[in-house]
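For reference, the structure discussed in these notes is given below.
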Amino acid sequence: MTTATSSSEFSHEAPPALPGNPRASGGGLQTPGLGSRASNFGLHPHSTRRGSSLIAVFWMITVMGMVVLAGTKALDADTRGTRELRGRTFAKRLAQMGLEVARHPAIKIDDPLLHYTLPDGSGYDVRLTTEEARLNINALLASGDKVLLPRLLASWGLSPEAGSAVIDSLRDWIDEDDKTSLKGAEKRDYQKAGLAGLPYNRPFREVDEMLLVRGMDLVSKLRPDWREWFTVLGDGRVDVNQARPELIALIANVPVERVMPLITFRAGKDGAQNTRDDNRLASPVQVAQLLGVYQPQTVELLTRWVQFAGPIKRLESTGRCGDVRRRLVLIVQNQQAIWRGELPPHHGS
């Protein structure tokens, strides 16, 4: 009996675990079907790998799309840059061509050769005038002028205080000493601003030098075309046969509307400026009569500041290629070039 009982007790023990036996991992008997149902609640390794691969594919598509988009934008920018560079190069060459044509002694102010257009619309336009059609900044400052410069800066929107500061700084720039004017700027003022070596203490040699003067940044901001009003050449008198209406109005201290009869007279019968039938002004009294001013001080100012045939010729050639404009300037006296350079194109040119 004892032996039988013992045999019965041991008959229910699990057999020893064998290597590789899947049932050994359960630590005993497994109920049929339970393992298969439990596996439905876990992650299959193959499903996990498929999901990761799909995410990687989407990520790669996104990255490649970004790369293609960036490449397209870079190519477009490169194309625009190349097109602009080409336009600037050809516009400058055309402007140079115009200057060479205009330099010929036989070319007149209304010569058709001063305007040239290619079939694609590119070409050049040249304007002949005199350098004396502008205010000589050196002559104005040296004369101690207290009328024209203040009047000009005020018309551009500078307050009396700001205008006085600019004028004093301009005077300090051309004088030979280091004494600071009331609202001006000398060496120590520029040094404080981190601009060593300024001012030059000599007359301006180029109009662009004026930008170095303290306060001229404000002038440039208020009046971007300020360069068109000044020169550093000539004897200081303004050629009223070539000067712009606004400058004549400034000298005579009249509204621009009062200058229109004078401009009409200059244009001649055809009403066009710079043609062969243009009339020429010949005396300060004639100018005063056309302006309708008879005050002795105004006539005196005209006598002092105007002339009627400036000897220094100014040639302005604007080359165009597509939307690009390049304006080159050549200044000639006695058939000799005394200055050449490039300036920003006129608005609308």
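The values are calculated or read from the model by the stated rules, or taken from the named source; none is laboratory data. None of these values were measured; they are calculated from a predicted model. No Cβ is skipped: glycine too gets one built from the backbone with ideal geometry, and neighbour counts run over all protein chains shown.
When residues of region 304-337 are filtered for being without any contact (Cβ under 8 Å) to a residue 60 or more places away in the chain, of a type in the set (V, I, T) and out of contact with any Leu (no Cβ under 9 Å at 6 or more places or on another chain), how many remain?
Within region 304-337, residues that are without any contact (Cβ under 8 Å) to a residue 60 or more places away in the chain, of a type in the set (V, I, T) and out of contact with any Leu (no Cβ under 9 Å at 6 or more places or on another chain) number 0.
Taking region 192-208 as the search range and keeping residues that are out of contact with any Asp or Glu (no Cβ under 8 Å at 6 or more places or on another chain) and modelled with pLDDT of 95 or more, which one is nearest to F230 (Cα to Cα)?
The residue in question is V207.
Out of the residues in region 207-223 meeting the condition of being in a loop (DSSP other than H, G, I, E, B) and without any contact (Cβ under 8 Å) to a residue 60 or more places away in the chain, tell me which one is surrounded by the fewest Cβ atoms within 10 Å (Cβ to Cβ).
Checking each candidate, the answer is G215.
Looking only at region 241-254, count every residue that is among the hydrophobic types (A, V, I, L, M, F, W, C) and farther than 18 Å from Q297 by Cβ and tell me the total.
Of the residues in that region, 2 qualify.
Would you kindly identify the strands (runs of 3 or more DSSP E) lying entirely within region 230-344 that contain at least 2 residues that are among the β-branched types (V, I, T)?
By residue number, 324-333.
Only one of these conditions is not met by G184: (1) more than 27 Å from the chain's Cα centre (by Cα); (2) outside any loop (DSSP other than H, G, I, E, B); (3) surrounded by 18 or more Cβ atoms within 10 Å (Cβ to Cβ). Which number is it?
Every listed condition holds for G184 apart from (2).
Within the group T303, T275, which residue is more than 34 Å from the chain's Cα centre (by Cα) and either under 30 Å from R88 (Cα atoms) or not assigned by TED's automatic domain parsing to the domain that holds T89 (or both)?
Step by step, each of T303, T275 is checked, and only T303 is more than 34 Å from the chain's Cα centre (by Cα) and either under 30 Å from R88 (Cα atoms) or not assigned by TED's automatic domain parsing to the domain that holds T89 (or both).
Would you tally the residues in region 279-303 being at pLDDT below 95 and under 13 Å from Q242 (Cα atoms)?
Total meeting the criteria: 0.
Residue check, N253 against (1) in contact (Cβ under 8 Å) with a residue 60 or more places away in the chain; (2) under 25 Å from the mean Cα position of the chain (by Cα); (3) surrounded by fewer than 18 Cβ atoms within 10 Å (Cβ to Cβ), all met but one. Which one?
Of everything listed in (1) in contact (Cβ under 8 Å) with a residue 60 or more places away in the chain; (2) under 25 Å from the mean Cα position of the chain (by Cα); (3) surrounded by fewer than 18 Cβ atoms within 10 Å (Cβ to Cβ), N253 misses just condition (2).
Yes/no matrix, rows are residues, columns are (1) under 21 Å from I251 (Cα atoms); (2) aromatic (F, W, Y); (3) assigned by TED's automatic domain parsing to the domain that holds T275; (4) in contact with a Lys or Arg (Cβ under 9 Å, 6 or more places away or on another chain):
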residue: L148; (1), (2), (3), (4): yes, no, no, no
residue: R151; (1), (2), (3), (4): yes, no, no, no
residue: G157; (1), (2), (3), (4): yes, no, no, yes
residue: V213; (1), (2), (3), (4): no, no, no, no
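Residue check: is D168 under 25 Å from W339 (Cβ atoms) and either at pLDDT below 95 or out of contact with any Phe, Trp or Tyr (no Cβ under 7 Å at 6 or more places or on another chain) (or both)?
no
Filter region 81-104 down to the residues that are surrounded by 14 or more Cβ atoms within 10 Å (Cβ to Cβ) and under 14 Å from L330 (Cα atoms) and list them by number.
K92, A95, Q96, M97, G98, L99, V101, A102, R103
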